[in-house]
Amino acid sequence: MASVPPPEKAFPVSWDQFHRDARALAWRLAGQGDFQGIACITRGGLVPAAIVAREIGIRLIDTFCVASYHDKQQGKLQVLKGVSDALTEAGGSAGENVLIVDDLVDTGATARVVRSYLPKAHFATVYAKPQGRPLVDTFVTEVSQDTWIYFPWDTGLAFQPPISGRD
Ligand SMILES: O=P(O)(O)OC[C@H]1O[C@H](OP(=O)(O)OP(=O)(O)O)[C@H](O)[C@@H]1O
Ligand SMILES: O=c1[nH]c(=O)c2nc[nH]c2[nH]1
Ligand SMILES: [Mg+2]
């Protein structure tokens, strides 16, 4: 696959902001469906899934393991693991009562593949970029397509040069 330049703009998210945004997602999801379990898309979906599960009272939580981005470059999407029988027995074989959680949708490639396994599930993300937005049922904040979202588990405190460029 030809390499495309990574997005120029940066949207850094702190732990505090992420917790608030994931809670806001839980508020939007509360009462939306009779969710019997969560399928979180690893790894990015693990953190919001923990917060949402705590807020809306779900204890059956499974992983759907997918990998596609390496060093901000989208590569071939690999499905490493699907969901377990325990989740589809409780939530329906097409995911009728399953909530899928991920941190974000960007091009929508990951969402499209996961949806093909659980077509009737409710797909929720904290952030959404315009290209992937139509694949998401519920999200909190839209971020432009030319922006890279920096999550707190990928970042640390670092010196920031002043806007003027001179220190
Ligand atoms: O809409 P898309 O263009 O498919 O991009 C969105 C996906 O990319 C990231 O996962 P990534 O593959 O980087 O793996 P990770 O969750 O382990 O970081 C992110 O967590 C989403 O799952
Ligand atoms: O940390 C991330 N930030 C992003 O904006 C993004 N898009 C796809 N995958 C991503 N991972
Ligand atoms: Mg991911």
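Computed from the coordinates by the stated procedures, all read-outs in this text should not be read as laboratory data. Bear in mind that the values here come from a model prediction, so they are computed numbers and not experimental data. Neighbour counts are summed over all protein chains in view; Cβ atoms, including those assigned to glycine, are modelled from backbone coordinates with ideal geometry.
Computed values, structure above
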| quantity | calculated |
| --- | --- |
| Whole-number percent relative contact order across region 47-167, with pairs defined as alpha carbons under 8 Å at least 6 apart | 17 |
| Antiparallel %, DSSP beta bridges [both residues in region 14-167], to 5 | 20 |
| P(r) tail fraction, region 115-167 - alpha-carbon pairs more than 19 Å apart, % | 52 |
| Residues in region 64-96 that a label on Trp153 would reach, taking backbone N under 17 Å of a point 7 Å out along Cα→Cβ | 64-72, 80-81 |
| Rounded if a/c under 1.5, otherwise prolate or oblate - region 33-89, Cα gyration tensor axes | oblate |
| Reachable aspartates and glutamates from Lys129, criterion Cα separation under 20 angstrom, eight or more residues apart if same chain | Glu8, Asp21, Asp71, Asp102, Asp103, Asp106, Asp137, Glu142, Asp146, Asp154 |
| Rounded, prolate or oblate (a/c below 1.5 giving rounded, otherwise prolate when a/b exceeds b/c) for region 1-114 by Cα gyration tensor | oblate |
| Built amide H within the under 5 Å cut-off of Cys40, gap 5+ | Asp62, Thr63, Phe64, Val101 |
| Integer Hz, Karplus 6.51/-1.76/1.60 couplings in order for region 77-92, x for Gly and Pro | 6, 10, 8, 8, 6, x, 8, 7, 4, 4, 6, 6, 5, 7, x, x |
| By average C-beta atoms within 10 angstrom, highest first, the peptides 73-83, 29-39 | 29-39, 73-83 |
| Rounded to whole Hz, the Karplus (6.51, -1.76, 1.60) HN-Hα couplings of region 105-118, x for glycine and proline | 10, 10, 7, x, 4, 5, 4, 4, 5, 5, 4, 5, 7, 10 |
| Pairwise centroid distance, computed over Cα atoms, of region 22-53 with region 98-130, Å | 12 |
